[in-house]
Amino acid sequence: MSILIVGADRIGSLLPKLKAIGAQEIVHWSGRNHNASKRTIPVKTELVIFCTDFLQHNAARTLKKQIKERGLPAIYCRRAWSEIAPEIEQYFPSALTGEKVCRKGRGCQDCPQR
């Protein structure tokens with residue numbers, strides 16, 4: 001799983017927890033920089049986490065539009081694992097429980113990755 005985290009100044013405490021649930025690639029963009037609104041979400045990204053306590057409004061608006069166009073799941077929360085974990089479980093149930101579901105996180109019965 002590839003995760004993009006937008007916002008938050010430091011994500012060091014989140015990295016081991018995200019890697020433990022299967023995140024192979026974690027990209028972090030500071031939400032305070034105005035250049036974040038000019039970036040394009042990486043192609044491999046499967047989940048976007050917005051840390052709303054440190055996020056510029058224009059960046060959020062622009063990236064939210066990209067998310068809708070690509071149909072990516074997004075989590076909007078503060079930079080706290082207690083808020084992020086339940087949201088990740090909603091999109092990727094296997095991430096925290098260990099149950100095997102497809103990469104899209106839907107748990108389709110006919111999925112070849114089950």
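Across the cross-link table entries LYS19/LYS64; LYS17/LYS68; LYS17/LYS44; LYS19/LYS44, which are compared at the Cα atoms, the separations over 22 Å belong to LYS19/LYS64; LYS17/LYS68. Over every Cα atom in segment 2-97, the radius of gyration and the widest Cα-Cα span, Dmax, amount to 12.3, 37 Å. Between ASP9 and HIS34, the contour length at 0.36 nm per residue exceeds the Cα-Cα span by 7.6 nm.
FYI, it's all coordinate maths here, none of it is from the lab. The model shown is predicted, which means the values in this text are computed figures rather than measured ones.
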